[in-house]
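Novice: Mind having a look at this structure? Questions to follow.
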Amino acid sequence: MRKLNSETIAVRAGIDTDTQHGAVVPPIYLSSNYTFKGFDQPREYDYARRGNPTRSQLAQALAELEDGAYGVMTSTGLSAIMTVIQLLSPQDILVIPHDCYGGSYRMFDHLARRGLFKLVVVDQNDNNALKNAIALNPKMVWVETPSNPLLRIVDIQAIADIAKAVGAIVVVDNTFLSPILQQPLNLGADIVIHSCTKYINGHSDVVAGAIVTKDQQLGVDLDWWANCIGVTGGAFDSYLIMRGLRTLAVRMRQHQESAATIAVFLDNHPAVSHVYYPGLPSHPQHQLAKTQQSGFGAMLSFELAGTIEQVKILVDEISLFCLAESLGGVESLIAHPATMTHAGMEPVARTAAGIGDCLIRLSIGLESVDDLLADLSDSLDSVLASI
């Protein structure tokens, strides 16, 4: 059979595979343990931390969507990161972007301080700084594109090329786009990670993570580590994520369509001083995004004119955007990175990353775009009146 399109893979994952009763939707296996066939004769599954049929189906579906060889499901996005960095030893160097997700930065920073590995933080759009970091012969290079929350784009293929020249493992956090809009393994990455809490599940009711590898053995090794440190995902969570996965492609289309409209609106509003959205031609990496992504996503950030007082007015006035962390759900969210998603970064690191007090991040949901625009317009008009 010819290779299926992503939309078909997402919908058909696990469908019509039940051989016992012919259930169209695969059953959920909640058992924590499984019998042995006999003495010293384990089955494929023996204990749920090590393996679970429901989880395996989801891992396989995500691996196929990312065009990878092996998938591993974890309990959270951060536990997916924790699993991947088990590949590092105390003398190994990890290179990370200066503007990555605050939770990722906090983990990398604190584990490096404890001596688990050496950390190099670099602006990956600064070619000289990146080359100097790669010249240190890192064991692993971590990439996040688009970045959270400033939507910066870096060239995955270019970074992979120079990283591979020194034998480094290239890891890409693909959470913001999902495998529907970007496939980093086909651009030279070795490992892709996701917070499945976000777009892949899409309904803000599950916390989970995923790892997909290009190489089968690397995936097996990471699966071993996930079991070893006890961070594998649960069966019911996997079932819910699989349910969300089936609508991922159609959700992403609507998310993006609304986000593009809202980005243009914000770019023209006098209460907004700058918009960060790769779909705008004014974005510095707009052309790069067009070459390595199949869409611009539905996350955007903007600088609000004024001070922190105007930020408070905005979040008090807005009604259809929940003031909450996370992203990628059917509901629209508004966040203030400096006090929410990136509060775990030290102020100096936030400043270096360009995350100021007036930066606002939006996750565009599936509500009517007309209603979202009206809500933003009324709220921003109130901000403008206060300046």
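The values are calculated or read from the model by the stated rules, or taken from the named source; none is laboratory data. Owing to the predicted nature of the structure, the values given are computational and were not obtained by experimental measurement. Counting neighbours? That spans all protein chains shown, and the Cβs are built from the backbone with ideal geometry, glycine included.
Novice: Starting from segment 288-316, keep only residues that are hydrophobic (A, V, I, L, M, F, W, C), then list their pairs with residues that are surrounded by fewer than 19 Cβ atoms within 10 Å (Cβ to Cβ) and in a strand (DSSP E or B) whose Cβ atoms are within a distance under 6 Å, requiring at least 6 positions of separation or different chains.
Specialist: Correct list of pairs: Ala305/Ser273; Val315/Leu323.
Novice: Here's another thing I want to ask about it. Of all helices (runs of 4 or more DSSP H) completely enclosed by segment 308-387, which ones contain at least 3 residues that are modelled with pLDDT of 95 or more?
Specialist: Counting at least 3 such residues, we get 308-317, 369-386.
Novice: Another question about this same structure. Which of the residues spanning segment 125-164 are outside any helix (DSSP H, G or I), touching a helix residue (DSSP H, G or I) at 6+ places or on another chain (Cβ under 7 Å) and under 16 Å from Gln292 (Cα atoms)?
Specialist: Val143, Thr145, Ile153, Asp155
Novice: Condition first: among the small types (Gly, Ala, Ser) and outside any loop (DSSP other than H, G, I, E, B). Now tell me which residues in segment 244-277 satisfy that.
Specialist: Residues satisfying the conditions are Gly244, Ala249, Ser258, Ala259, Ala260, Ala263, Ser273.
Novice: Could I ask something else about it? Restricting to segment 227-243, what's the tally of residues that are aliphatic (A, V, I, L, M), in a helix (DSSP H, G or I) and touching a residue at least 40 places away in the same chain (Cβ under 8 Å)?
Specialist: Number satisfying all stated conditions: 4.
Novice: Ok, one more. Would you point out the residue of segment 129-151, among those that are within 15 Å of Gly102 (Cα to Cα) and not polar (S, T, N, Q), that is surrounded by the fewest Cβ atoms within 10 Å (Cβ to Cβ)?
Specialist: Of all residues in segment 129-151, those within 15 Å of Gly102 (Cα to Cα) come to 142-151.
Still in the list and also not polar (S, T, N, Q): 142-144, 146, 149-151.
Numbers: Trp142: 25, Val143: 25, Glu144: 23, Pro146: 29, Pro149: 29, Leu150: 15, Leu151: 26.
Of everything passing the filter in segment 129-151, Leu150 is surrounded by the fewest Cβ atoms within 10 Å (Cβ to Cβ).
Novice: Something else: Check whether at least one residue in segment 51-71 is closer than 26 Å to His342 by Cα and either under 15 Å from the mean Cα position of the chain (by Cα) or not acidic (Asp, Glu) (or both), and report yes or no.
Specialist: Within segment 51-71, not a single residue is closer than 26 Å to His342 by Cα and either under 15 Å from the mean Cα position of the chain (by Cα) or not acidic (Asp, Glu) (or both).
Novice: Kindly indicate whether Leu185 is modelled with pLDDT of 95 or more, under 20 Å from Tyr105 (Cα atoms) and not assigned by TED's automatic domain parsing to the domain that holds Pro281.
Specialist: Here the answer is no, as Leu185 does not meet what is asked.
Novice: Here's a follow-up. Go over the candidates Phe236, Phe265, Phe296 one by one and state the one that is buried (at least 19 other Cβ atoms within 10 Å of the Cβ) and at pLDDT 95 or above.
Specialist: Phe296
A quick yes/no check of all residues on (1) under 24 Å from Ala63 (Cβ atoms); (2) outside any loop (DSSP other than H, G, I, E, B); (3) basic (Lys, Arg):
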| position | (1), (2), (3) |
| --- | --- |
| Thr8 | yes, yes, no |
| Thr17 | yes, no, no |
| Gln20 | no, no, no |
| Ile28 | yes, no, no |
| Thr35 | no, no, no |
| Tyr45 | yes, no, no |
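Novice: Right, something else. Just give me the residues in segment 314-331 being in contact with an Asp or Glu (Cβ under 8 Å, 6 or more places away or on another chain) and of a type in the set (Asp, Glu), in sequence order.
Specialist: Correct list: Glu317, Glu331.
Novice: Separate question: Scanning for something among the acidic types (Asp, Glu), exposed (fewer than 14 other Cβ atoms within 10 Å of the Cβ) and more than 26 Å from Pro146 (Cα to Cα), does segment 346-359 turn up at least one residue?
Specialist: No - not one qualifying residue is present in segment 346-359.
Novice: For segment 60-117, what are the residues that are modelled with pLDDT of 95 or more, assigned to a helix (DSSP H, G or I) and in contact with a Ser or Thr (Cβ under 7 Å, 6 or more places away or on another chain)?
Specialist: Once the filter is applied, which keeps residues that are modelled with pLDDT of 95 or more, assigned to a helix (DSSP H, G or I) and in contact with a Ser or Thr (Cβ under 7 Å, 6 or more places away or on another chain), segment 60-117 yields Leu65, Gly77, Ala80, Ile81, Thr83.
Novice: Let me ask you something else. For the condition on the phi > 0 side of the Ramachandran plot and among the small types (Gly, Ala, Ser), what is the one hit in Gly328, Gly356, Gly344, Gly365? Give the derivation first.
Specialist: Values: Gly356 fails: on the phi > 0 side of the Ramachandran plot; Gly344 fails: on the phi > 0 side of the Ramachandran plot; Gly365 fails: on the phi > 0 side of the Ramachandran plot.
Being on the phi > 0 side of the Ramachandran plot and among the small types (Gly, Ala, Ser) holds for just one of Gly328, Gly356, Gly344, Gly365, which is Gly328.
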